[in-house]
């Protein structure tokens, strides 16, 4: 990290460390020329490793068969956190457009929501803000809202489209592709083309691939056709949602011709506040996502270049 953030070293923001790791791997300096680096924490000693890094230590032992007390740990960049999500106001009410029009009775908090405490780059421990601050605000606003409206009547046919969607998957003949194959190909293209570095060519290819996978996903079949506790069915249904979100991510990244926070485009390496200081809103349509934008509300802290 001396090459990339000499003042903060490995304590630089996660996106910077990820890009530094990726550059080292891409330059052929991965371990043995492969696509990973070593994280060496042996110098910290048993007490620090066991008490301050228990989860990561267990992951290394269980999933990699590596003992961090005596061996370096193979690492590479990966997805860590969603910084976008369902748009909300500061009361955790979901908003539907650039005018912040509230969707009555719908609330979101936590990682699924975008109340914009992260901006374009999530900072460490901000997940607690998402959960505790806005979870509390959501609960309070829900209570206030519930006290002002009549109890709604149940919608008799609310389950019909969901049941039909699940039944369409469950009743297919077992001749289609597996969900696992679609998921594997989706993971590969999102990691390779929409990862820590992006450019127009990679993103365009990714969009073509994601839409191909969406087409193929319409014919996947599952091995378990049971009607009770069917995890195969749930995973197949979830695959459609993953593909929708992947398409939204690629379309939004392709449109944003700049680099900002964790969104880093090699063909547009500079931030462009004059054009892109705004939130992206995505709407699902018959031909895929359409995009709109809403302005960023700037209060005490103005955006500035990051220098480390």
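The values are calculated or read from the model by the stated rules, or taken from the named source; none is laboratory data. Everything numeric here is computed off the predicted structure, so don't read it as measured data. Neighbour counts are summed over all protein chains in view; Cβ atoms, including those assigned to glycine, are modelled from backbone coordinates with ideal geometry.
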Out of (1) surrounded by fewer than 15 Cβ atoms within 10 Å (Cβ to Cβ); (2) closer than 22 Å to residue 193 by Cα, the odd one out for residue 10 is which? (2)
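Got a number for residues in the range 52-68 being exposed (fewer than 14 other Cβ atoms within 10 Å of the Cβ) and either under 25 Å from the mean Cα position of the chain (by Cα) or farther than 25 Å from residue 122 by Cα (or both)? Spell out how you get there, then give the answer.
Step one: of the range 52-68, the residues exposed (fewer than 14 other Cβ atoms within 10 Å of the Cβ) are 52, 54-55, 58, 62-65, 67.
Okay, now just the ones that are also either under 25 Å from the mean Cα position of the chain (by Cα) or farther than 25 Å from residue 122 by Cα (or both), so 54-55, 58, 62-65, 67.
Going through the range 52-68 one residue at a time, the tally reaches 8.
Condition check ((1) surrounded by 10 or more Cβ atoms within 10 Å (Cβ to Cβ); (2) touching a residue at least 60 places away in the same chain (Cβ under 8 Å); (3) not in a strand (DSSP E or B)) across all residues:
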position	(1), (2), (3)
271	yes, no, yes
279	yes, yes, no
282	yes, no, no
292	yes, yes, no
307	no, no, yes
Please go through (1) touching a residue at least 40 places away in the same chain (Cβ under 8 Å); (2) surrounded by 15 or more Cβ atoms within 10 Å (Cβ to Cβ) for residue 267 and return the number of the only condition it doesn't satisfy. (2)
Residues that are within 20 Å of the chain's Cα centre (by Cα) and under 30 Å from residue 23 (Cα atoms): list the helices (runs of 4 or more DSSP H) wholly contained in the range 158-256 that include at least 2 such residues. 179-193, 200-217, 231-255
Long-range neighbours under 9 Å by Cβ, at least six apart or interchain, first residue touching a residue at least 40 places away in the same chain (Cβ under 8 Å) within the range 122-143, second assigned to a helix (DSSP H, G or I) and surrounded by 12 or more Cβ atoms within 10 Å (Cβ to Cβ): 122/14; 122/15; 123/14; 124/14
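Considering each residue of the range 207-227, count those that are crowded, with 17+ Cβ neighbours inside 10 Å and either farther than 14 Å from residue 176 by Cβ or touching a helix residue (DSSP H, G or I) at 6+ places or on another chain (Cβ under 6 Å) (or both), and give that number.
Count: 8.
Here is a yes/no grid of residues against (1) in the same structural domain as residue 257 (by TED's automatic domain parsing); (2) exposed (fewer than 11 other Cβ atoms within 10 Å of the Cβ); (3) at positive phi; (4) modelled with pLDDT of 95 or more:
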position: 166; (1), (2), (3), (4): yes, no, no, no
position: 173; (1), (2), (3), (4): yes, yes, no, no
position: 183; (1), (2), (3), (4): yes, no, no, yes
position: 204; (1), (2), (3), (4): yes, no, no, yes
position: 229; (1), (2), (3), (4): yes, yes, yes, no
position: 232; (1), (2), (3), (4): yes, no, no, no
Determine if the range 174-182 includes at least one residue that is more than 28 Å from residue 250 (Cα to Cα) and out of contact with any helix residue (DSSP H, G or I) (no Cβ under 7 Å at 6 or more places or on another chain). yes
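Here are some residues: 306, 271, 265, 300. Which one is modelled with pLDDT under 90 and farther than 25 Å from residue 89 by Cα? Give the derivation first.
Numbers: 271 fails: modelled with pLDDT under 90; 265 fails: modelled with pLDDT under 90; 300 fails: farther than 25 Å from residue 89 by Cα.
It is 306.
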Taking residue 85 as meeting all but one of (1) under 29 Å from residue 197 (Cβ atoms); (2) without any contact (Cβ under 8 Å) to a residue 24 or more places away in the chain, write down the number of the exception. (2)
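Residues checked against (1) closer than 19 Å to residue 241 by Cα; (2) at pLDDT 90 or above; (3) buried (at least 17 other Cβ atoms within 10 Å of the Cβ):
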residue: 122; (1), (2), (3): no, no, yes
residue: 137; (1), (2), (3): no, yes, yes
residue: 141; (1), (2), (3): no, yes, yes
residue: 145; (1), (2), (3): no, yes, no
residue: 162; (1), (2), (3): yes, yes, no
